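The structure appears right after this line, and notes come after that.
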Amino acid sequence: MTREISVTVNGTVHRKSVPVRLLLVDFIRDVLELTGTHQACTYEGVCGACTVQLNGEAVKSCMMLAVQADGQQVTTIEGLAKDGALHPLQKAFKEHHGLQCGFCTSGMIMNAEEFLRVNPRPTEEEIRHALIGNICRCTGYQGIVAAVSAAAEEMSAAGTPARSGS
Amino acid sequence: MTTVEKGWIGARYRRREDLRLLTGKGQYLADLRVVRDPLVVKFVRSSVAHAKISSIDVSAAAQLPGVVAVLTGADIRDKIRPLPTPSTVPLLPGHYPTHWPLAVDRVKFHGEPVVAVVATDKYTAEDAVELVRVEYEDLPLIMNPEKAMAPDSPLVHPDIGTNVMFNMVLTGGLTEAEQSANKARVDAIFANADVVIKDRFYGHRCGVTPMETRGAVASWDAEAGLRVWMSTQRPHIDRLVFSELFDIPQNQVQVSAPRDQGGAFGVKAPVYREPLMIVYLTKLLGRPVQWIETREEHLMAVSQERDQIHELELAADKQGQILGLRDRVIADNGDSCEGVFWGFIMPFYGAALVPNAYHIPDCDISITAVATNKSALSPARAFGSLPGRFALDRAIDMLARRIGKDAADVRRMNLITQLPCNIATGVHYDSGNFVAVWDKLVQEIDVPKFRKEQQVARAQGRYIGLGFGVAVHASGVASEALVPMEGQPGYGSATLKMDSSGTVTVFEGDAPQGQGHETTMAQIAAEILGLHPEDVTVRVGDTNNTPFASGTFGARGGSYTASAVAMAAKAIRDKIVKVVAHDNKLEADPAHFRFEAKSIWHKDRAEALTTIASICNRIIMKPLDLPPGADASLEHTAFFEAKEPMMAFSAHAAFVEADPSSGEFKILRYISSEDVGRVINPLIVEGQVRGGVVQGLSNAMFEEFIYDENGQQLTTSMENYMLASAADAPNIEILHADTPCEHTPLGTRGMGEGVPGPVPGALCNAICDALEPFGIEIRDLPVRPDRVWALLQAAKRRAAG
């Protein structure tokens, strides 16, 4: 059984006919060929590698059907940098060695981006709790926490306004 | 762009890999679009732990639209050569159970592949898997390795006639007479010792679980040959095996590890069933075939390691000097069907490292690896050594308590001070300064000051504690050890090519999975050739364009591969010097020339002689009037061989606060002191340490593979197999106490492999130290509040009774 959907991904409207059972993560990766979003568990929704934003809210795309995104706005890691300019989170992750293999990174950043809009001046403990839904095996999280903290500082210093999901 | 005053080696140069990984442009296996419309393979896996296969009905599955083929073990038994084969089996005296990629006649663990379903897309393949009907006739379960050793135990492999897959005494010598004499000597030491600590320790079944699971894509064409892309640590070894198993000439097999891999930590090193099935299927069907492992498969079929019992004894004098050690190690090997490692190589190696950094010349150590109805042990970071580290470091704390001395002092007095040395099992420690690393740690934490704080806290009803763990860990294994043991070389290798514009490409046959080789190898080449790392591109993991390489595992990147890169860069440098000297009528002594800031300088000239770009152009594009012996080649392949294993050393300290009423504990502080030789990139070394410590903590506290009384695996998802999250991980402080390694051209060692090893010991020692007034000793992992609470209750009962 298929359905016509229209999903805006990173600002571009995509009209596709998809099986109703198609997961959003598979729509993003296999239909739209945006492979920056990863899948690391068997759809338990535990690992967080598939995290994208739906109307600006971090969601696990393996726990959603593509048809549920019909008429909605999705932002993936590919949509974070604006006109080639890296988001402060992306810059900070590089500066603070917040990634090694990179497999958890897209989901980690998409979650962190929403978090910083909601909590622009987080404590270390708040950052760690916000990232419970993103498992990393390589870094031990310390570089990630330092990166999120540094990005928060840069963003509040710059007076970056909260972005709505786009 | 990082500017560096002193050179690229040692710089905190931000990683080259990061830009693409941060913007979603990484190319992991599942992202590759290297073949058109691959067929998708899914496996039907055994739902029982030990059974004969009575029947398999694939008819409903085969008829599902979109299903192209459904194969069982019976379909492949006469078509695929089973393991073991020469390239997949070590030269050690053990048992290597015959096995095919799919179960033939019987299944031996819950999750063993039984049927391969091939379909046009993964949703159809999954549907078809559900339609396959397998009937089983249960066989007696073999779940306990000690029981499985009994002569009347049911057998996992009846054709082998025993469940003991490997058994060896590692001390005393190679002959029975030598071993008996050694045992007698050790017995005498124990009989005469002032103090004997004797206990049984258990390091539970857990592993590494990288975020990216396994996978393989294969295509076959009679003219082009076999082409395989797979998430692997050892593409050259995979190529060997595919060639051998499927009778395809090696030069018609190309294996590529993707440029990006989502971690491995050892689990992607063996030769497993599934990729072999993928290769067979592509040959059979004449179409490209893809398999991406699910997390559930990963947790059931691989990723299970540790799982060792250590019956460990220490003999010591009244001062705490250790005089002798006995350890009878029993490893739960699982079904043991795994190419190259067969489950037991890890516990074998771990048993060989039991003496750790302590001076214990008289040891009696044996290892027995026993088959059970579980998944075969697969390599995991710390490679078999974690339970032994835990056991000995716990025993040392017990010794300290027995003689009334501080555990820190007992450790220091027993650390090896003379290096190089051979430990009692014959493992060679090549260089380093363990005491310096240790002293740096204790200086930082000020043990006497802590003991005072501890007393004050106790008086206030707060229980804080300090625990230590140490580890000597290998970075790579030399050919001298690997050839007799595995029939494989261990050298590091790299090809460097400079082009006519003066930029460099490094070809490395290893296959990194997050270690940052594109950065570190570029730093090395850049420093030696006077360039910026941006001028160096590193290409990895493709057997077509890289020299034979052992793979990226065991921390050999920093010791072996890096050395080969340095050697190749130096060789090219020397070639350039010859031509520059000739062109400028100077003596061709490399020591007179400096490669810096993309130019070449001479000691006697104020101005640069030439830029590197122009000399490369001159040599390659205008090779006229070259000096005798020189040609237009600025390419070099180097092999770094070392007789020495280049051990690294870590000493860890954990501070905890424990609550005796609940057993809960909290890590207050965790510090690691490391010797990795000369550091190429401190950022990357620190990342390896932090990641390794948190893996060790996650192993110790949260992770556990559990099989129930029916052999059913209960931990087949991340909901049940819990991994540490950011909220669970402490900050890790790192101290460096580096002694350059004398055996590598740059003085480097590798770092990363052994880091989780000392962690459970440090943590549990800290908890026992905190709760010392209550008299508990932790002997078993995992360590959790409920278990600590149970120990507290048992201690209370003992005190009362």
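Kindly indicate which of B:His298, B:His236 is touching a residue at least 60 places away in the same chain (Cβ under 8 Å), out of contact with any helix residue (DSSP H, G or I) (no Cβ under 6 Å at 6 or more places or on another chain) and over 29 Å from B:His110 (Cα atoms). Lay out the reasoning, then the answer.
On the way: B:His298 fails: over 29 Å from B:His110 (Cα atoms).
Checking each option against the conditions leaves just B:His236.
B:Glu212: among the acidic types (Asp, Glu), crowded, with 17+ Cβ neighbours inside 10 Å and assigned to a loop (DSSP other than H, G, I, E, B), yes or no? Break it down into steps so the answer makes sense when it comes.
Details: among the acidic types (Asp, Glu): yes; crowded, with 17+ Cβ neighbours inside 10 Å: yes; assigned to a loop (DSSP other than H, G, I, E, B): yes.
So B:Glu212 passes the test.
Does any residue in segment B:577-606 that is buried (at least 17 other Cβ atoms within 10 Å of the Cβ) come within less than 9 Å, Cβ to Cβ, of a residue that is among the basic types (Lys, Arg) and outside any helix (DSSP H, G or I) six or more places away or on a different chain, and which pairs are these?
B:Leu586/B:Arg605; B:Phe593/B:Lys603; B:Ile600/B:Arg594; B:Trp601/B:Arg594; B:His602/B:Arg594
What is the one condition in (1) closer than 30 Å to B:Val41 by Cα; (2) touching a Lys or Arg at 6+ places or on another chain (Cβ under 6 Å) that B:Tyr136 does not satisfy?
B:Tyr136 satisfies all of (1) closer than 30 Å to B:Val41 by Cα; (2) touching a Lys or Arg at 6+ places or on another chain (Cβ under 6 Å) except (2).
Can you tell me which residues in segment A:51-106 are in a loop (DSSP other than H, G, I, E, B) and of a type in the set (S, T, N, Q)?
Our first condition is that a residue be in a loop (DSSP other than H, G, I, E, B); within segment A:51-106, this holds for A:55-56, A:64, A:70-72, A:76, A:80-81, A:83-84, A:86-87, A:96-104.
Correct list: A:Asn55, A:Gln72, A:Thr76, A:Gln100.
Please work out which residue is nearest to A:Gln39 (Cα to Cα), limiting yourself to segment B:5-33 and to residues that are buried (at least 18 other Cβ atoms within 10 Å of the Cβ), more than 26 Å from the chain's Cα centre (by Cα) and not hydrophobic (A, V, I, L, M, F, W, C).
In this case the residue turns out to be B:Gly24.
Yes/no per residue for (1) within 14 Å of another protein chain (Cβ to nearest Cβ); (2) closer than 27 Å to A:Leu22 by Cα; (3) in a loop (DSSP other than H, G, I, E, B):
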position	(1), (2), (3)
B:Arg15	yes, no, yes
B:Leu21	yes, yes, no
B:Leu92	no, no, yes
B:Phe109	no, no, yes
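State all residues of segment A:36-94 that are touching a residue at least 40 places away in the same chain (Cβ under 8 Å), within 10 Å of another protein chain (Cβ to nearest Cβ), touching a strand residue (DSSP E or B) at 6+ places or on another chain (Cβ under 6 Å) and under 25 Å from B:Glu296 (Cα atoms); if no residue qualifies, say none.
A:Thr37 - this is the single residue of segment A:36-94 that is touching a residue at least 40 places away in the same chain (Cβ under 8 Å), within 10 Å of another protein chain (Cβ to nearest Cβ), touching a strand residue (DSSP E or B) at 6+ places or on another chain (Cβ under 6 Å) and under 25 Å from B:Glu296 (Cα atoms).
Regarding B:Ala188, is this residue surrounded by 13 or more Cβ atoms within 10 Å (Cβ to Cβ), free of Cβ contacts under 8 Å to residues at least 12 places away in the same chain, of a type in the set (A, V, I, L, M) and not assigned by TED's automatic domain parsing to the domain that holds B:Lys52? First the steps, then the outcome.
Values: surrounded by 13 or more Cβ atoms within 10 Å (Cβ to Cβ): yes; free of Cβ contacts under 8 Å to residues at least 12 places away in the same chain: yes; of a type in the set (A, V, I, L, M): yes; not assigned by TED's automatic domain parsing to the domain that holds B:Lys52: yes.
Considered against the rule, which asks whether it is surrounded by 13 or more Cβ atoms within 10 Å (Cβ to Cβ), free of Cβ contacts under 8 Å to residues at least 12 places away in the same chain, of a type in the set (A, V, I, L, M) and not assigned by TED's automatic domain parsing to the domain that holds B:Lys52, B:Ala188 comes out as yes.
Does segment B:734-752 include one or more residues that are modelled with pLDDT of 95 or more, over 27 Å from B:Glu664 (Cβ atoms), more than 14 Å from every other protein chain (Cβ to nearest Cβ) and more than 22 Å from the chain's Cα centre (by Cα)?
Scanning segment B:734-752, I find at least one residue that is modelled with pLDDT of 95 or more, over 27 Å from B:Glu664 (Cβ atoms), more than 14 Å from every other protein chain (Cβ to nearest Cβ) and more than 22 Å from the chain's Cα centre (by Cα), so the answer is yes.
Just checking, how many residues over segment B:715-732 are more than 9 Å from chain A (Cβ to nearest Cβ) and buried (at least 19 other Cβ atoms within 10 Å of the Cβ)?
Counting residues in segment B:715-732 that are more than 9 Å from chain A (Cβ to nearest Cβ) and buried (at least 19 other Cβ atoms within 10 Å of the Cβ) gives 2.
With the structure loaded, tell me whether B:Leu496 is farther than 30 Å from B:Ala564 by Cα and either assigned by TED's automatic domain parsing to the domain that holds B:Tyr670 or touching a His at 6+ places or on another chain (Cβ under 6 Å) (or both) or whether it fails that test. First the steps, then the outcome.
Values: farther than 30 Å from B:Ala564 by Cα: no; either assigned by TED's automatic domain parsing to the domain that holds B:Tyr670 or touching a His at 6+ places or on another chain (Cβ under 6 Å) (or both): yes.
No: the conditions fail for B:Leu496.
I need the full set of residues from segment A:20-33 which are more than 7 Å from chain B (Cβ to nearest Cβ) and part of a loop (DSSP other than H, G, I, E, B), in order please. It would help to see each step written out before you state the result.
Residues of segment A:20-33 more than 7 Å from chain B (Cβ to nearest Cβ): A:20, A:22-33.
A:Val20, A:Leu22, A:Leu32, A:Glu33, listed by residue number.
Inspect all residues belonging to segment A:114-121 and state whether any of them is within 10 Å of chain B (Cβ to nearest Cβ) and part of a helix (DSSP H, G or I).
Start the filter on segment A:114-121 by keeping residues that are within 10 Å of chain B (Cβ to nearest Cβ), which leaves none.
Checking segment A:114-121: not a single residue is within 10 Å of chain B (Cβ to nearest Cβ) and part of a helix (DSSP H, G or I).
Residues that are of a type in the set (Asp, Glu), at least 2 per element: which strands (runs of 3 or more DSSP E) completely within segment B:266-380 meet that?
Details: elements: B:289-292, B:305-316, B:322-334, B:363-371.
Hits in segment B:266-380: B:305-316, B:322-334.
Look through segment B:511-540, keep the residues that are within 14 Å of chain A (Cβ to nearest Cβ) and touching a strand residue (DSSP E or B) at 6+ places or on another chain (Cβ under 7 Å), and return whichever of them is surrounded by the fewest Cβ atoms within 10 Å (Cβ to Cβ).
Out of the qualifying residues, it is B:Glu518.
The values are calculated or read from the model by the stated rules, or taken from the named source; none is laboratory data. Every value quoted in this text rests on a predicted model; they were computed, and no experiment measured them. Positions of Cβ are backbone-derived with ideal geometry, glycine not excepted, and every protein chain shown enters the neighbour counts.
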